[in-house]
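The values are calculated or read from the model by the stated rules, or taken from the named source; none is laboratory data. Just so it is clear, the structure is predicted and the values come from calculations on it, not from any experiment. Quick reminder, even Gly has a Cβ in these numbers, built from the backbone with ideal geometry, and neighbours come from all protein chains shown. When the accessible area is computed, the model is the full protein with side chains, heavy atoms only, and any ligands, DNA or RNA have been set aside. Shrake-Rupley method; radii C 1.70, N 1.55, O 1.52, S 1.80 Å.
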Amino acid sequence: MQDIIAQSLSVLQQAKEKHGERLVYPCSFGAESAVLLALIDQQQLNIPVITLDTGRLPQATHDIIAQVAAHYGIKITVFFPDHRDVESMVAKHGVNLFRDSLALRKQCCSVRKVQPLKRALAHYDAWITGRRAKQSATRATLDCVDTTDPVYGLIKYNPLAHWSWQQIMDFIKEHKLPHHALLDQHYSSIGCECCTRAITMGEDARAGRWWWEQGDVATECGLHVTSLRKPSEGEQGEGI
Ligand code: SF4
């Protein structure tokens, strides 16, 4: 465990030394976020923390945002979707359009997540992510540094790339870290309330996201398009 923590700290320090104020942490407030926030705080790296409020988040996410800000004494900048885009999308397709087709689900993710994150990342060269190789088949080859972002050209640092889910949960427990209340209800990946569910024993960690879709299209929202291929329409962008 000490080796993997040291590796994560080294990745964070390397990112900070290389990018300084041009480095940002877009935080999702899932389990991995609890660990990253603690490691960033431990090293006093002063990496700015931002997040997205899609308008469909669980109340527990707002609660943990406030709790983390108070616990670490940090400012968390919240970015929102453009209200005109949301209103026009909902007027045309309804409030639950993401259930109707893959294309509409991707449109919703684009309007509520990808576009706001594009705006949020505009002033940065690099970002920290909580992605892990063991989260899903689409992330199996993930390494600690990813320089092949097909959309922004931003460098992505994945300090937890080689952590297991058990190591994440053990670290949270051992250090009594503030964490999302849904983690205690078997939510391994937390996003919008309507598109996230708890997982059962043996399920892929990302299985609780867009579970009504089939195949690997259901594991990514367009924020983290794999760097090995160009994103298709509706998948543009990278995120938390
Ligand atoms: S996760 Fe669901 S509600 Fe949230 S932006 Fe994507 S499709 Fe829309």
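Descriptive notes on the structure:
- Residue within segment 30-45 that is touching a residue at least 24 places away in the same chain (Cβ under 8 Å), assigned to a loop (DSSP other than H, G, I, E, B) and under 15 Å from the mean Cα position of the chain (by Cα) present: yes
- Here is the figure for segment 21-44: residues that are open to solvent by less than 20 Å² (accessible area, probe 1.4 Å) and either closer than 15 Å to residue 69 by Cα or not β-branched (Val, Ile, Thr) (or both) total 16.
- For the residues 101, 88, the requirement of being over 30 Å from residue 42 (Cβ atoms), open to solvent by 60 Å² or more (accessible area, probe 1.4 Å) and either touching an Asp or Glu at 6+ places or on another chain (Cβ under 6 Å) or polar (S, T, N, Q) (or both) singles out 88.
- Here residue 67 passes the criteria (1) away from the ligand (no atom under 13 Å from the Cβ); (2) outside any helix (DSSP H, G or I) except the one numbered (2).
- For residue 190, the criteria (1) within 16 Å of the ligand (Cβ to nearest atom); (2) more than 30 Å from residue 125 (Cα to Cα) hold in every case but one, which is (2).
- Options 144, 108; residue that is open to solvent by less than 20 Å² (accessible area, probe 1.4 Å) and within 15 Å of the ligand (Cβ to nearest atom): 108
- Scanning segment 156-207 for residues that are aliphatic (A, V, I, L, M) and surrounded by fewer than 16 Cβ atoms within 10 Å (Cβ to Cβ) yields a count of 3.
- Condition met for residue 51 (within 16 Å of the ligand (Cβ to nearest atom), under 30 Å from residue 1 (Cβ atoms) and touching a residue at least 12 places away in the same chain (Cβ under 8 Å)): yes
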